[in-house]
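Structure first, commentary second.
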There are 2 protein chains.
Amino acid sequence: MRVEKVTSVDVAKLAGVSQSAVSRVFTPGASVSPKMAEKVLKAAQELGYRPNVLARSLITGRSRIIGLVVAYLENQFYPDALEKLSTALQAHGYHILVFMVSNDDDSVDKVMGELLDYQVDGIITASVGMSNALAARCAAVGVPVVLFNRGQDDERLNQVTSNNFEGGRKIAEFLVAGGHRKIAHIAGWSGSSTGRDREAGLRAGLKAAGIDVAVCIDGMYNRETASAAAREIFSAADRPDAVFVGNDHMAFAVMDVLRFELKLDVPGDVSVVGYDDVPLASWPAYDLTTLRQPSNRMVEATVSTLLGWIEEGSNDVQKIQIDGPLMIRGSARVPEGWPDERL
Amino acid sequence: MRVEKVTSVDVAKLAGVSQSAVSRVFTPGASVSPKMAEKVLKAAQELGYRPNVLARSLITGRSRIIGLVVAYLENQFYPDALEKLSTALQAHGYHILVFMVSNDDDSVDKVMGELLDYQVDGIITASVGMSNALAARCAAVGVPVVLFNRGQDDERLNQVTSNNFEGGRKIAEFLVAGGHRKIAHIAGWSGSSTGRDREAGLRAGLKAAGIDVAVCIDGMYNRETASAAAREIFSAADRPDAVFVGNDHMAFAVMDVLRFELKLDVPGDVSVVGYDDVPLASWPAYDLTTLRQPSNRMVEATVSTLLGWIEEGSNDVQKIQIDGPLMIRGSARVPEGWPDERL
DNA sequence: GAACTTTCTGCATACGTATGCAAACTGAAG
DNA sequence: CTTCAGTTTGCATACGTATGCAGAAAGTTC
């Protein structure tokens, strides 16, 4: 099974040159004469030689590995982001080492330790926060961190999110303009900045119209919790006629409960608005009105922030917020003459 | 930014012992006295020392990295598998390095080259095939490969799939028993074994009942292609009254077309059956009858095969097929007295 | 306490590559 | 042909860890 590896020394021997020469041929930007390059490449070709990235990392201190920490891939937003992140980083010669965690500090800390053991060049956490101790450790070993879709008050952590407060506010405006006065909120997890900010935005938007949230339950970014919340809120006789659900993933569950359990019409009886605009939201079965998180631009910002730190030695912490449009579809009543931002 | 790393030498110095001693303390199963261990661990703790996995790999020839090659994460089956694979491997001290590819040989070969550069201990491809040349190269460097959810006629490649032929056959039986005689097939990509086997199973099952497939179009595992196929097949006046769609991901698109474009009732006018049983299939909006690919057991088989090769030096190639039950839900007419396999 | 076995420790070296330095070479200018 | 600058090459060493070997220490038995 185990087979003898072919190393730069073997190539050097065959080509009749020094090992350093071989190394230089495979190092972009090094000083090599054309005939040397040719000789070496021919020998390398013949032996099937390829540089050992790990050995290289040991010397250069760069592994070209980015650690991605992610809690759950059930919500379509994350596989989508993962795919885009991976593709974007690959184009720059980096690759993603995936670490699954449950969303509690202990688990994150443990896993993050393993991550650092791999000498990763940078860390992206997708919708996962980290303890201060951990942030300090990453800073201490010089590994930049970007929180993707999660904010945290730590002046060492970069972060890229959509403008969650503004998004919540926009949704409030939209619902009010649609004539809704009794508006429920099944919130994103209150332990996350995204959940809190969206809720705060909603409240601010409603307040501006002199309205208060009719009822608010924490949906924990979880289908079951959100379903239960929907049952509770919409079984009552004086039920609200609109609900903003903290993300699309929960909104689908809520719509299912409304339609198939409570036999309510969406949007006839209840308007439903989500947050994220995952691909599924545009499928006709749900046709969900939702605030789009521009994952392309979020990924772009994440990658360029990370590479800035890694390759250009940048060290100013970025707290990037990206605005997204409200995607108007069929799950919520559309106010007369409401402008379609997507155009 | 760059910070001085703490190495085993530093720890050794502080603890007043040799570097080897430090190494041994961090190597499970090495011979160390209790007081030595205590001294070293104390010093390590104080300095925040953790072994450098890369340097260790260089010596041991084991990176504890598994390369995962995957084409697209849009189909919910794959993020789900990725999550489970990652969690399972993590439990064994391995981690997943993700490589996204488009599904053509060139792209796969290029990416797989990079993969080998990382000295991965093993490779899993999710629904991606590989060229013979590549299989040879992996074999040559002693890196085991497991094809997850994809078969290929190569005696060097392990593979784990569901029993696709039998699944297709089961579905044929089910539809026939339901009284359907005019049965369409929107097939999985004919360039993949899964697509071909499911189709062959369907045809065999129908043939046993003296029926031929009414119409068959390759859906390419793609939503748009499948939608177009559904439009074509079900716009005709003498349309079929049942369709087996090659996977759930396409089946959702097909149901959307049937219901929302063609205003057909599912299952009243048309029975729809999918393949995979992704989480979304059980959500009330689709409530899709589908053949379950037991991803838990598939992941288990994949991991144990891989670890067998890596850790126990196994070298018998596994071609594992796992049977899955038909999940009976509301998208297809249920034959009288049909036994529910799920019980 | 001697003789022996067992457990532990340090020394030295190896893994595969990158890079500073000095020597060797190249070519142009005088 | 000499001189000099610029380019290319090889030598030696370093990165951080694991491990075979031999010697030291500890434990066992009589």
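The values are calculated or read from the model by the stated rules, or taken from the named source; none is laboratory data. Since this is a predicted model, take the numbers as computed values, not measurements. Here Cβ is always computed from backbone atoms with ideal geometry, including for glycine, and neighbour counts include all displayed protein chains. Protein only, heavy atoms only, side chains kept; ligands, DNA and RNA dropped before computing areas. Shrake-Rupley method; radii C 1.70, N 1.55, O 1.52, S 1.80 Å.
With the checklist (1) within 10 Å of DNA strand D (Cβ to nearest atom); (2) open to solvent by 60 Å² or more (accessible area, probe 1.4 Å) in hand, flag the one item A:Lys42 doesn't pass.
Here A:Lys42 meets the rest and fails (1).
Tell me which of these A:Arg64 doesn't satisfy, since it passes every other one: (1) in contact with a helix residue (DSSP H, G or I) (Cβ under 6 Å, 6 or more places away or on another chain); (2) open to solvent by 40 Å² or more (accessible area, probe 1.4 Å); (3) more than 7 Å from DNA strand C (Cβ to nearest atom); (4) closer than 23 Å to A:His95 by Cα.
So the condition that A:Arg64 fails would be (1).
For residues in the stretch B:81-105 being charged (D, E, K, R) and under 13 Å from B:Ala71 (Cβ atoms), which is farthest from the other protein chains (Cβ to nearest Cβ)?
This residue is B:Asp105.
Take the stretch A:71-100 and flag every residue that is without any contact (Cβ under 8 Å) to a residue 40 or more places away in the chain, within 14 Å of the chain's Cα centre (by Cα) and part of a loop (DSSP other than H, G, I, E, B).
Once the filter is applied, which keeps residues that are without any contact (Cβ under 8 Å) to a residue 40 or more places away in the chain, within 14 Å of the chain's Cα centre (by Cα) and part of a loop (DSSP other than H, G, I, E, B), the stretch A:71-100 yields A:Tyr72, A:Leu73.
Just wondering, is there one or more residues in the stretch A:3-12 that are within 9 Å of DNA strand D (Cβ to nearest atom) and farther than 30 Å from A:Gly274 by Cα?
Among the residues of the stretch A:3-12, at least one is within 9 Å of DNA strand D (Cβ to nearest atom) and farther than 30 Å from A:Gly274 by Cα, which makes the answer yes.
Give the residues of the stretch B:209-246 that are β-branched (Val, Ile, Thr), touching a His at 6+ places or on another chain (Cβ under 8 Å) and more than 14 Å from B:Val272 (Cα to Cα), sorted by residue number.
Listed by number, the residues that qualify are B:Val213, B:Val215, B:Ile217.
Consider A:Gln152 carefully, then state whether it is under 23 Å from B:Leu73 (Cα atoms), open to solvent by 10 Å² or more (accessible area, probe 1.4 Å) and within 19 Å of the chain's Cα centre (by Cα).
It is false that A:Gln152 is under 23 Å from B:Leu73 (Cα atoms), open to solvent by 10 Å² or more (accessible area, probe 1.4 Å) and within 19 Å of the chain's Cα centre (by Cα).
Please specify each residue of the stretch A:110-133 satisfying the condition of being in a helix (DSSP H, G or I) and either closer than 12 Å to A:Leu157 by Cβ or of a type in the set (Phe, Trp, Tyr) (or both).
Start the filter on the stretch A:110-133 by keeping residues that are in a helix (DSSP H, G or I), which leaves A:110-117, A:132-133.
A:Asn132, the sole residue that qualifies.
Hey, could you check the stretch A:22-32 for residues that are more than 8 Å from DNA strand C (Cβ to nearest atom) and either charged (D, E, K, R) or over 22 Å from B:Gln119 (Cβ atoms) (or both) and say which is most open to solvent (accessible area, probe 1.4 Å)?
Top of the filtered list is A:Ser31.
For the stretch A:225-270, what are the residues that are among the aromatic types (Phe, Trp, Tyr), away from chain B (no Cβ under 14 Å) and under 20 Å from A:Ser282 (Cβ atoms)?
Passing the criteria: only A:Phe244.
Among (1) near DNA strand C (Cβ under 9 Å from one of its atoms); (2) over 22 Å from B:Ser63 (Cβ atoms), there is one condition A:Leu14 misses while meeting the rest; what is its number?
For A:Leu14, the failing item is (1).
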